[in-house]
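Rule-based calculations on the coordinates, nothing more; no lab input. Since we're looking at a predicted model, the values are computed, not measured. A quick note on method: Cβ atoms are made from the backbone with ideal geometry, for glycine too, and the neighbour counts reach across all protein chains shown.
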Amino acid sequence: MTKLLKLSLIILSLFALAGGAFAYQLSVDEVKNEIIEQVTKEAKSYTQGDIEVIITGMVFSGLKTQGEKAPYIKVISNQKRFMHKDIKRVVISDGKEVLASFPVNVTVLVYKDVLVARGPIASFAVVTPSNSELRRMEVGLHIQKVITEAEGAKQLIATRNFSDGALILKPYTRSKPDIVRNTGVNLVFYSNEGMNIQMEGVALGEGNVGDTVLVRNTRYNKVHSGTIVGENEIMVRI
């Protein structure tokens, strides 16, 4: 009876050892790497640039499974759009049942070439190559507002002050009109009798071709009302 009991214990021990040999140990680093890979892939589907993923607050210390294959890891997002900061859910399963499920804080950093101020830019000033430049910046928080190379090629007007090195964001700019306030313009004075005189002036308003604006004649310091007929050109009827 004693021999039979010993034999049974030996057999049970062997089964236990065999079961342990085929168990899969899922480490914290393995889960982190998978989260980073999935979040990076998701971020690249929404935006371009170099992606960096930072994970914090992960309540997972490892997992030992009964199978010899690595379990499945799925990262579930709360929003179907790019999120600079988000709380995602991580689900670990063996294909049949959930082995673990926990939230994780994720911050996505995006580095790309965007338009920034090269020196201070005052409100209502024209954004030009001399006062702006493309610079590699982290823009995850403003991903939908930054201006890229193609967009920066267009002439823009600042609608707020930008300090040196500040991101020039779309909500604080607008397209440059044909006539910009407080800029020099060419005044063309004409009459029905065929008189045509050209002088220099300063626009007191702004607008595009066809709009009426006030302009000051710099020679005589008089204010006239004229029609915009082209870029930096205003026609005044006399």
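Taking the number of Cβ atoms within 10 Å of each Cβ as an exposure proxy, the fewest-first ranking of Ile55, Ile234, Ile76 is Ile76, Ile55, Ile234.
Every helix of 4 or more DSSP H residues in the chain counts as -39500 (n - 2.57), and over all residues that averages to -5500 deg cm²/dmol at 222 nm. A crude spin-label estimate for the pair Phe102 and Ala166, with each label 7 Å from Cα along the Cβ direction, gives 4.2 nm.
Expected output is a single nm value to one decimal: the length gained when fully extending between Thr218 and Leu204, i.e. 0.36 nm times separation in residues minus the C-alpha distance. What is it?
Details: separation 14, 0.36 × 14 = 5.04 nm, distance 1.18 nm.
Once the chain is fully extended between Thr218 and Leu204, it gains 3.9 nm.
With point charges of +1 on the Cβ of Lys and Arg and -1 on the Cβ of Asp and Glu, referenced to the Cα centre of region 162-228, which listed residue (Leu167, Gly194, Gly184) lies farthest in the positive direction of the dipole? Value: Leu167. Residues whose amide H lies under 5 Å from that of Gln155, counting only those 5 or more places away or on a different chain, are Lys176; hydrogens are built 1.01 Å from N in the peptide plane.
Please list, ordered by chain and number, the residues whose modelled amide H lies under 5 Å from the amide H of Thr173; skip anything fewer than 5 residues away on the same chain. HN-HN under 5 Å from Thr173: Thr159. 3J(HN,Hα) along region 32-48: 4, 4, 5, 4, 4, 5, 5, 5, 4, 4, 5, 4, 5, 6, 10, 8, 9 Hz, from the Karplus curve 6.51 cos²θ - 1.76 cosθ + 1.60 with θ = phi - 60°, whole Hz, x for Gly and Pro. At a Förster radius of 35 Å, what calculated FRET efficiency corresponds to the Cβ-Cβ distance of Glu138 and Asn186, to the nearest 0.05? Efficiency for this residue pair is about 0.20. In straight-distance terms, cross-link reach from Lys176 covers every one of the lysines whose alpha-carbon lies under 20 Å from its own, apart from those fewer than eight places away in the same chain; here that gives Lys145, Lys154.
How much net charge surrounds Asp178 when only other residues with a Cβ under 11 Å from its Cβ are counted (Lys, Arg +1; Asp, Glu -1)? Before the final figure, lay out each step's value.
Values: positive: Lys176; negative: Glu206, Asp211, Glu231, Glu233.
Surrounding charge for Asp178 is -3.
The stretch between Ile76 and Gln48 holds 7.9 nm of extra length on full extension. This uses 0.36 nm per residue minus the Cα-Cα distance.
Over 24 Å between Cα atoms: which of Lys74/Lys96; Lys32/Lys96; Lys64/Lys85 fall into that group? Cα-Cα > 24 Å for Lys64/Lys85; rest within. Between the Cα long axis of helix 2-21 and the first principal axis of the chain there is an angle of about 20°, rounded to the nearest 10.
When a/c reaches 1.5 or more, the comparison of a/b and b/c decides; with that in mind, is region 184-237 rounded, prolate or oblate per its Cα gyration tensor? It comes out oblate by the Cα gyration axes. Restricting the calculation to alpha carbons of the chain gives Rg and Dmax of 33.5, 132 angstrom.
Here the chain carries DSSP beta bridges of which approximately 90% are antiparallel, counting only pairs with both residues inside.
In a fully extended conformation the segment linking Thr148 and Gln66 would gain 24.4 nm over its present Cα-Cα distance, using 0.36 nm per residue.
With +1 assigned to the C-beta of every Lys and Arg and -1 to the C-beta of every Asp and Glu, and no other charges, what is the dipole magnitude of region 184-237 about the Cα centre in debye, to the nearest 20? Provide the component values of the computation, followed by the final result.
Values: 4 positive and 6 negative charges, 53 e Å.
That gives region 184-237 a dipole magnitude of about 260 debye.
About its Cα centre, the chain has a charge dipole of approximately 720 debye under the convention of +1 per Lys or Arg Cβ and -1 per Asp or Glu Cβ, with nothing else charged.
Quick check: net charge around Lys44, other residues with Cβ under 14 Å of its Cβ, Lys/Arg +1 and Asp/Glu -1? Summing Lys/Arg as +1 and Asp/Glu as -1 gives -1.
Counting Lys and Arg as +1 and Asp and Glu as -1, what is the net charge of the other residues whose Cβ lies under 13 Å from the Cβ of Leu187? Around Leu187, the charge tally is +2.
Applied to region 177-185, the Karplus parametrisation 6.51 cos²θ - 1.76 cosθ + 1.60 on θ = phi - 60° returns per-residue 3J(HN,Hα) values of x, 5, 10, 10, 4, 6, 10, x, 9 Hz, with x for Gly and Pro.
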